[in-house]
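Notes follow the structure.
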């Protein structure tokens, strides 16, 4: 080990510090980086710590900053851009033992949680009061709230209810020097000082470690209905989605899968469905849901659907099966044809159809299958470039296809990453998307709050030729060479 | 003048630079500070500039930072905490000549505007496409979008649609050194890099000057209804509001005025209404508005209302008159009894009733009238401590009442300022609300983006004993003593 880790044992005790091979291995990768054909590679931390209190998090960070040892927060490891990979080694800080629901105040629609609380626990506690946490991501069942906040997550219901960020009221956060701050307010609105809360949400553990979150909850809708529409071609399907959004239909979910995704999904589920583009719908309302569904249907009908099926809440799972199992279907489709890291671009809705077409055409041009799906109502396209992982040339071609789609999304006013974050995988697009001056402003903020680049180094900021970290050269106390 | 302003004339031309007495006077105060009995006092800038392009804004800022001259952005001057008062003199930057609507993309629900565009222009352009900008503040008719963004504004419809911040997609911002950044995305969701956008919104021109904003627009609701409920006492009225919110009624506006506000308003409008607490309601829906209104009414009825009246959209103005004219009624009520600076605290909804009671009781205790009103559904209380402006002792008592209410709001988990910002008036509450470590984190961000404290010095951060500005002592190039 490159440093003496006794300060960790002194602060946390033996039980909460591990240098064992399996613990280090477990914290070396996330879902994106654990496939061997995907770069970047997993990186072993020197040591894994399991704090249980804010004070312990603060002690680790203060000690690590003093000793110039990197600290990378880790939770469920379900991220998809290498976000919690300890790229520069050091300490992996596992936050899953901080998993208490601290308080629930149904009259204020608020719940206070520690960062390791998982999505289903929030839903269970909220559900006892007839409430819900609407912005959970698709991985919400197996992800922690701390990870969702760190990565700026969103999900299927974002089209109606917004992102996780929109449901965070207040955060307790430990900064790199061990100081503990509170960001945001338990009041539903405030204009008091800088909005540190939304700066910290989505900062991927590079600015601080969330140790407590006050979340807003929502009442559950009184009426729920689901729908599935099958189209004969992608142009009709994406035009229908765009038209539904532009007409202002109140949808709670609107997902599209293309014909290739449908084929892969149908093979996996064994469903008797055509291998054709499909749109999945969900509607929430307190009154008049049938009018809203009818309004939606009238719009969809003008785009030549092959079939439009509706289901009450209790039969919705069947209708949605092809969408719900898609990620697993893709991952296990064919050992000789595996998905590259999952694509996640988002564009203004008017660019949604054209970008879908572009993704398919660039795949054809390069002779690769590129199944597309995603949270269509937000203009969010997920795509998997399918490659033979043993074929170096095909892997390289796959990377070109992957990159071309990201670049096009940025060109048309979109973002390189709708909900997966930058992590390691999207760093090279930061300047193209935001411009050099904006990235430099982010760097200045990083240096102001974490001058030694202790927290999650090697993420978000574009890699430099010499692999340099984002250091404040005027920071005192350590040799930053 | 303390500095040679020829660099401004060189950059902008004579027409866009003024050192005239009336221009300087006009930029010395906002709505809060132009009353002579209110502290802090107006401060004259040395010079006023009127840029018309991003490049001109950048030239002024780069030149001013180089010369260590403060720059304070100014727009319509409707703010209420001295936010655009040039507290340290220097340059007042008037942005009202940048008032073009640059583009509207109804298919994406987006509009691109310059910072000097006023609320009604946005509504007019959006309205041509059946769209609207829902979060406009009460002063939206006479305020600029740049001012609303800078101050983190919100309004009557925030209870349903959120704050201005929630409707800003992308900003072009000039930093103190003249660099131009883009923050946010035209995609409706992104997890790409730090959220500079929401850091800049509400930063009151202390971190950068907004030169372009892409706003999101909303479809107009198909059904609108209004309501007014009269209660015999404040406890019933605030309990009804709390119950409506906690029951999840879908209200677009829910405003409360107390009996004193009602009396002042009735005197002003000449309306034949009791001087009693009233709640004003507005409902928006696409379907089923009558069911929602009935649901609301069933909840309100359990709190002993004296009268519950409903109105269709076209007759709503009459019903709402007492609320709409209240600010003017208060300001002109009695020359010998004037409102101190307007209070604006927000608390979790469960604390709303108790805080209203507290505000009334502390007023009684100090023998002063404290009319309360505000955006009740958000837990937002506006209050005016009425004082004889010529009575020094009463002014001092008034300040005590004002402060006691802010302090109580913070104690119960609320914020010192729901929508007026910190400006000069609320600086002393920053540490009480956020804690010293959080305020220090804000200071570090300020120093990182504006090391010379060029932009709007003397705002947000607590005043120091020596009136020191927030300087980065390591910043080079200027004498920062």
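Please treat every number below as a calculation from the coordinates, not as lab data. None of the values given here were measured: they were computed from a predicted structure. Every residue, glycine among them, receives a Cβ derived from its backbone with ideal geometry; neighbour counts consider all protein chains shown.
The Cα center of the range B:267-285 and the Cα center of the range A:136-212 differ in position by 39 Å. Take the Cα of residue A:334, step 7 Å toward its Cβ, do the same at residue A:34, and the gap between the two points is 2.5 nm. Using alpha carbons only, how many degrees (0 to 90, rounded to 10) separate the axis of helix B:289-301 from the longest principal axis of chain B? Tilt relative to chain B: about 70 degrees.
Each copy carries a label point for residue A:335 at 7 Å from Cα toward Cβ; from one copy, the others' points are 9.4 nm away, ordered from shortest. Comment: the Cα-to-Cβ extended label point of residue B:271, at 7 Å, lies 5.5 nm from its counterparts in the other copies, nearest first.
How would B:39, A:269 line up from fewest to most surrounding beta-carbon atoms within 10 angstrom?
Numbers: B:39 13, A:269 16.
Exposure proxy ranking, most exposed first: B:39, A:269.
Rounded to the nearest 0.05, the FRET efficiency derived from the C-beta distance between residue A:1 and residue B:314 at R0 = 56 Å is 0.15. At an R0 of 30 angstrom, the distance between the Cβ atoms of residue A:466 and residue A:177 translates into a FRET efficiency of 0.70.
Each Cα pair under 8 Å and six or more residues apart adds its separation to the average, and for the range A:334-425 the resulting relative contact order is 39 percent.
A straight line joining the Cα centroids of the range A:81-101 and the range B:8-24 runs 55 Å. By the count of other C-beta atoms within 10 Å, a proxy for reagent exposure, B:96, A:78 are ordered fewest to most as B:96, A:78. Here the sum of -39500 (n - 2.57) over DSSP H runs of 4 or more residues, divided by the residues of chain B, equals -9500 deg cm²/dmol at 222 nm, to the nearest 500. How would you classify the range A:222-329 from its alpha-carbon gyration tensor, with a ≥ b ≥ c the square roots of the eigenvalues: rounded for a/c under 1.5, else prolate if a/b is greater than b/c, otherwise oblate? Since a/c reaches 1.5 but b/c is at least a/b, the shape of the range A:222-329 is classed as oblate.
Using Cα-Cα distances under 8 Å and only pairs 6 or more residues apart, what relative contact order does chain A have, in percent?
Details: 1048 pairs, mean separation 72.3, N = 481.
Computed value for chain A: 15 percent relative contact order.
Relative to the longest principal axis of the Cα atoms of chain A, the long axis of helix A:392-411 lies at roughly 80 degrees. Between this copy and the others, label points of residue B:55 are 6.0 nm apart in ascending order, each placed 7 angstrom from Cα in the Cβ direction.
FRET efficiency for the pair residue A:267 and residue A:141, taken as 1/(1 + (r/R0)^6) with r the Cβ-Cβ distance and R0 = 35 Å, rounds to 0.90. Look at the stretch A:430-437: the mean tally of other chain Cβ atoms within 10 Å of its residues' Cβ atoms is 4.
By the count of neighbouring beta-carbon atoms within 10 Å, fewest first, B:139, A:79 end up ordered B:139, A:79.
Here the extension length gained between residue A:403 and residue A:361 equals 13.7 nm, from 0.36 nm per residue of separation less the Cα-Cα distance. Full extension of the chain between residue A:222 and residue A:411 gives 63.9 nm of extra length, using 0.36 nm per residue less the Cα-Cα distance.
Counting, for every residue in B:410-422, the Cβ atoms of other protein chains within 10 Å of its Cβ and taking the mean gives 5.
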